[in-house]
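Visitor: What follows is a single structure, and I will ask about it in a moment.
Just so you know, all these numbers are worked out from the coordinates, no wet-lab data involved. Fair warning: this is a prediction, and the values are worked out from it, not measured in the lab. A quick note on method: Cβ atoms are made from the backbone with ideal geometry, for glycine too, and the neighbour counts reach across all protein chains shown.
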Amino acid sequence: MSKEKIHLVIASANLLPGGAERVLSFLARNIDRTTFKVSFVIFGHEKDVAYDLTGLSTTFFGKDPKIKFIAREVTVLTVMREHANVKFNPFMWMSKHRFKYVDAVICQSDHMVEDIKTTYRFDYDKITVIHNPITDSFKLKSTIADRSEMKLITIGRISAEKGHERLISILKRLDFPYHYTIIGNGPDRDKILGLIESEGLRNKVTYIEYTSEVDKYLTDSHVFLLGSYTEGFPNAVLESAAVGTPIVAYPAPGGLIEIIEEGINGYIVDTEDEYVEKLNSIYKDYHFKPEAVRSSVMKKFHSDIIINKYEALFKQLINK
C-alpha cells in the first residue's frame, strides 16, 4: 500500500530548543510510518539541531538561504470562472495573494499577462512570458491520410470550458464524409457521450479515454478541432501542428492567437457558421502542407528555445 507523503517545514533558521521546533520534531518522529512517509525540511544547519531526527528524511538549506520562488500561471482565470464549476476552497484565498510573495511569475501567453493584471495587484515587473515547449518526440507525418473520409480529432480534458458540446453541434451540420475521434476524460464525459448518442452520431465518433500514442492519432488525422472557451497554452494544439496536422478553433483567450497562423497551420473562426464553412472548404481543397504546419510552431516553441528562456530566467534571479 502506498504511503501518504507529509513534508514538515520549519521556517526558522535552526532547530535550537524552542516551542515550534520542539513540536515539529516530535511530530516528525512519532507520526505513523506505516501510513505516512515523513520528510523534514529545515532552514538551518545540521550542527544546530537539538532534537533527535534519526531515521527521518531531512533536507537542510543552511542559515538564511538565498532561495528564489517562481510561480507559473496556467489558465486565463477570469474566463475559466465563467465556464468551469469552480468551487471555493481554502487555497483560493492563498492563491489570490500568492504573486506578492514570489520573485518571478511565469505566464504562458500575452493574454494571460493581461488577465493577471486585471485580477491581481503586485509588482508586474516580476512577470515574464515563457510558452510551453514542443519535444522532438512529435515527428512530421510523411503522408496525408486518404481524404475520402475526413479524419477529425480533439484531444483534451472533457469539461465545460473545453466546448465539446459546440463541436458536436458543428459535426451535425457537416455535409461530407468524416470520422471524429475524441481522446480524453473529465467530469463531462458521460454528458458528451450521451449527446453523441442522442444526436445519432455514434457511428461517426470514436471515444478513447487514454492513449500513450497521441502522436499516432494526430498524424493519422486531417484536422484538429478545438472548441474551447479558454485555454492556457494548449499542448495538444502545439503537438498537432508539430506532426503537420492543422487546427480549426474558436478564439479561446489564452495562447491560441500566438500559435495559429491563418491559412498556414489552421484557422480561428468566430461563429458556428464560419466553423462549418471552413471545414467544408478544407475538405474540398486541402491546401495545408505538413512541413509548413510544423515549421510554424517549431520555429517559436521548440523545446531548445523554451529551455533557454527558463535557464535565462533562473540565471537572472540567481544573480540578483
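Visitor: Counting pairs of alpha carbon atoms under 8 Å apart in space and at least six apart in sequence, what relative contact order in percent does the chain give?
Guide: 16 percent
Visitor: Rounded to the nearest 0.05, what FRET efficiency do Glu272 and Asp32 have when you use their Cβ-Cβ distance and R0 = 35 Å?
Guide: Calculated value: 0.05.
Visitor: Along the Cα→Cβ direction, 7 angstrom out, place labels at Val23 and Arg98. What is the inter-label distance in nm?
Guide: 2.6 nm
Visitor: Based on a Kirkwood Rh over C-alpha pairs, give the Stokes-Einstein translational diffusion coefficient of the chain at 20 °C and viscosity 1.002 mPa s in µm²/s.
Guide: Rounded to a whole number, D works out at 94 µm²/s.
Visitor: Using Cα-Cα distances under 8 Å and only pairs 6 or more residues apart, what relative contact order does segment 230-320 have, in percent?
Guide: Relative CO of segment 230-320 lands at 31 percent.
Visitor: Can you show me the helix-derived [θ] at 222 nm for the chain, built from DSSP H runs with n ≥ 4 at -39,500 (n - 2.57) apiece and divided by the number of residues, rounded to the nearest 500.
Guide: Here the helix-only value at 222 nm equals -10500 deg cm²/dmol.
Visitor: Picking from Gly244, His7, Ile144, whose Cα lies most toward the positive end of the charge dipole for the chain (charges on Cβ: Lys, Arg +1; Asp, Glu -1)?
Guide: Positive-end residue among those listed: His7.
Visitor: Can you tell me, using C-alpha contacts under 8 Å and at least 6 residues apart, the relative contact order of segment 146-295 as a whole percent?
Guide: Relative contact order, segment 146-295: 24 percent.
Visitor: Of Lys141/Lys191; Lys126/Lys162; Lys139/Lys289; Lys162/Lys278; Lys216/Lys309; Lys37/Lys315, which ones are farther than 22 Å apart at the Cα?
Guide: Lys141/Lys191; Lys126/Lys162; Lys216/Lys309; Lys37/Lys315, as the Cα separations exceed 22 Å there.
Visitor: Is the shape of segment 253-320 rounded, prolate or oblate, going by the alpha carbon gyration tensor and its root eigenvalues a ≥ b ≥ c, with a/c under 1.5 for rounded and a/b larger than b/c for prolate?
Guide: Since a/c reaches 1.5 but b/c is at least a/b, the shape of segment 253-320 is classed as oblate.
Visitor: To the nearest 20 Debye, how big is the dipole of segment 149-235 about its Cα centre, given +1 on the beta carbon of each Lys and Arg and -1 on that of each Asp and Glu?
Guide: For this selection, approximately 160 debye.
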